[in-house]
1. Condition first: surrounded by 19 or more Cβ atoms within 10 Å (Cβ to Cβ), on the phi < 0 side of the Ramachandran plot, within 13 Å of another protein chain (Cβ to nearest Cβ) and of a type outside the set (D, E). Can you find one or more residues in segment B:113-124 that meet it?
2. Confirm whether B:A100 is out of contact with any Leu (no Cβ under 9 Å at 6 or more places or on another chain), crowded, with 22+ Cβ neighbours inside 10 Å and within 11 Å of chain A (Cβ to nearest Cβ).
3. Just checking: which of the helices (runs of 4 or more DSSP H) contained wholly in segment A:132-233 hold 2 or more residues that are of a type in the set (G, A, S), without any contact (Cβ under 8 Å) to a residue 24 or more places away in the chain and out of contact with any strand residue (DSSP E or B) (no Cβ under 6 Å at 6 or more places or on another chain)?
4. Scanning for something more than 21 Å from the chain's Cα centre (by Cα) and not hydroxyl-bearing (S, T, Y), does segment A:114-125 turn up at least one residue?
5. Among the residues of segment B:207-220, write down those that are in a loop (DSSP other than H, G, I, E, B) and closer than 15 Å to B:V302 by Cβ.
6. Among B:P258, B:P246, which is assigned to a loop (DSSP other than H, G, I, E, B), over 20 Å from B:F297 (Cα atoms) and not charged (D, E, K, R)?
7. Look at B:L87 and say whether it is surrounded by 14 or more Cβ atoms within 10 Å (Cβ to Cβ), at pLDDT 90 or above and touching a Ser or Thr at 6+ places or on another chain (Cβ under 9 Å).
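The values are calculated or read from the model by the stated rules, or taken from the named source; none is laboratory data. No experiment lies behind these values; they were computed from the predicted model shown. Every residue, glycine as well, gets a Cβ built from its backbone with ideal geometry; the counts of neighbours run over all protein chains shown.
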Amino acid sequence: MILAFFDLRHALFRLKGLLFLLPFVFFWYWIFKFLYVQGGDLLVSRVSVQLLSWLYKPAVAQILLISHPASLSVFLIIALATTPLFAMLGSCDQLAGDAARQTFRFFLTRCTRTEIFLGRFIASYILVATATILSAIAATIISVHIDQRPMEVTLIYAMQVVLMTLMYVLPFVGYMAAISALMSSALSTLLMGMMAYLALSITGSYLGHRLGMDVALVPGGVKELLFGINPHDQLYAGIELLAYAAVYTSLGWFLFRRRNI
Amino acid sequence: MDTLIKCRDVYKSFGSIRALAGLSFAVGNHSSVGLVGPNGAGKTTLFSIICGFMRPDSGHINILGHRPDSLLLKGRIGILPQDVPMLQGITVHTQLILLARLQGFSRNRAGREIERVIDLSGISGLIHQLPETLSFGQRKRVILAQALIGKPEVILLDEPTSGLDPVAANDVRALIQKLRAEHTLIVSSHNLDEIRNVCNEIIIIDRGSLVRQCTIQELVEHDNYLTILLEHTPEEQTLRSLRSLPAVTRITADAVNPKKLSIQFQGAQPDQVQFRILELLQQHNAAVVEFSRGSAFTDKVVELVRGH
């Protein structure tokens, strides 16, 4: 935990932290500005529900925009859609740079590889999670202003949204831990992470098509379950995300343990 | 003598390059050992394996009774790695505190321990600077300071004075001398005079295997050996005259510097033989620039490596 907190404290002043925080802040500032100015009635209109029905099942679109506070749902949809990118940006330099520069040599005579791996993993997760929570708080404030739902309903849904986004971030940080354990710089980790994600998505779709069943090699397919037509689906999605996180993180740990430093 | 480090049949390859090829040796408690060998002999790889930075392909390594990756070794080995950068954008003091905390020191005790190593290594003027603003020599001293945190039982020093100016190098040598009393040291260096001054034992490796392990004393033949540096390359006639002396058994001219002669002789009165040799050189007008009794340590090590 010492290493995790040290990393977090210095994330704001180092390139790897800024690489994530600056695009994240600008992106959400733009989205929130749009939601605040253009949101409200527009989000609950029939056109919006129809547009969302192209992406998800009509029942899901209905639940998201009509049953729940709409602007928080829009935040959830956009947050989950952009999580792969932002989680990759926020966690691309867990191990690669310091392992390649051999800076870990100063740590390794003092703590184990597992402690270093977990320290960096936890620091990256907390960084991305904290930014996500802060953006969710901003979305909740906007929702209170424009959705005209009872405060209690908005707050309960906001907590659900936060929980869902935090769960969804976890496997991506684990995925980047695995890629980072292989690569030699933050940039190469980021590029490899993106390319491998794309390749895994395409391979999953191709295999699913060939085998006539769902083959999900990346957690993207869990999104619709998370949006929650029923609690059972959400629970199933949560377990699936934890499984993805466990597989990716274990793979990263396995690779890092064997890496020459 | 308690064995602190024991390596047996250690192999390590990087692709087709074999860095260690069945290396075996043992280092005892409170030794100061010089690790010597040409570039690519496997010295840094050996240090990396001892510290758990990499795993051997095969073989056994035991340090303080444990495997290199054992949790029980943490904080008991200190290393001055070669040319390894510290974290950028974070002051030296903050990084040293972090390392002490990782080693198990509480916040307060970490502060006191850092003060101790700062005083010991003389880096008090550098601690509030960023590592990237330090010169190579300053950085090296900072990295040496981190190796001393927590008074580790074994300290590995990889080229501790390379790249340092003469004054800084002397300071580091003096510090190493001080450390000898309390720690087991393994010093890897190309500077054989440094090894001779600092260490009492030597391990010579070449192409990943052991050439020789012995005390420094064993390598230096004191009584029947002269090393002479002449002002000019000696003429053949001078060498013939020297060889004709009854006590002289062998004369070798240095391959790189032919003005340097190593003369081996026998006899019960070495002083007289020595006097006779110098007299003969004077007769041939061969001016002596340097003269030392005993074989040059460097020559002996080079000879061993070449003969491997």
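1. no
2. Yes: the conditions hold for B:A100.
3. Working: elements: A:151-182, A:186-211, A:223-227.
Answer list for segment A:132-233: A:186-211.
4. So in segment A:114-125, the residues more than 21 Å from the chain's Cα centre (by Cα) come out as A:114-116.
Those left that are additionally not hydroxyl-bearing (S, T, Y): A:115-116.
Yes, segment A:114-125 contains a residue that is more than 21 Å from the chain's Cα centre (by Cα) and not hydroxyl-bearing (S, T, Y).
5. First, the residues of segment B:207-220 that are in a loop (DSSP other than H, G, I, E, B): B:207-208, B:220.
B:V220 - this is the single residue of segment B:207-220 that is in a loop (DSSP other than H, G, I, E, B) and closer than 15 Å to B:V302 by Cβ.
6. On the way: B:P258 fails: over 20 Å from B:F297 (Cα atoms).
Being assigned to a loop (DSSP other than H, G, I, E, B), over 20 Å from B:F297 (Cα atoms) and not charged (D, E, K, R) holds for just one of B:P258, B:P246, which is B:P246.
7. When the stated conditions are applied, B:L87 does not pass them.
To keep it simple, each residue is scored yes or no on (1) within 14 Å of chain B (Cβ to nearest Cβ); (2) touching a Leu at 6+ places or on another chain (Cβ under 6 Å); (3) farther than 22 Å from A:A178 by Cα; (4) of a type in the set (D, E, K, R).
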residue: A:A4; (1), (2), (3), (4): yes, no, no, no
residue: A:L15; (1), (2), (3), (4): yes, no, no, no
residue: A:F20; (1), (2), (3), (4): no, yes, no, no
residue: A:F27; (1), (2), (3), (4): no, no, yes, no
residue: A:W30; (1), (2), (3), (4): no, no, yes, no
residue: A:R46; (1), (2), (3), (4): no, no, yes, yes
residue: A:P58; (1), (2), (3), (4): no, no, yes, no
residue: A:I63; (1), (2), (3), (4): no, no, yes, no
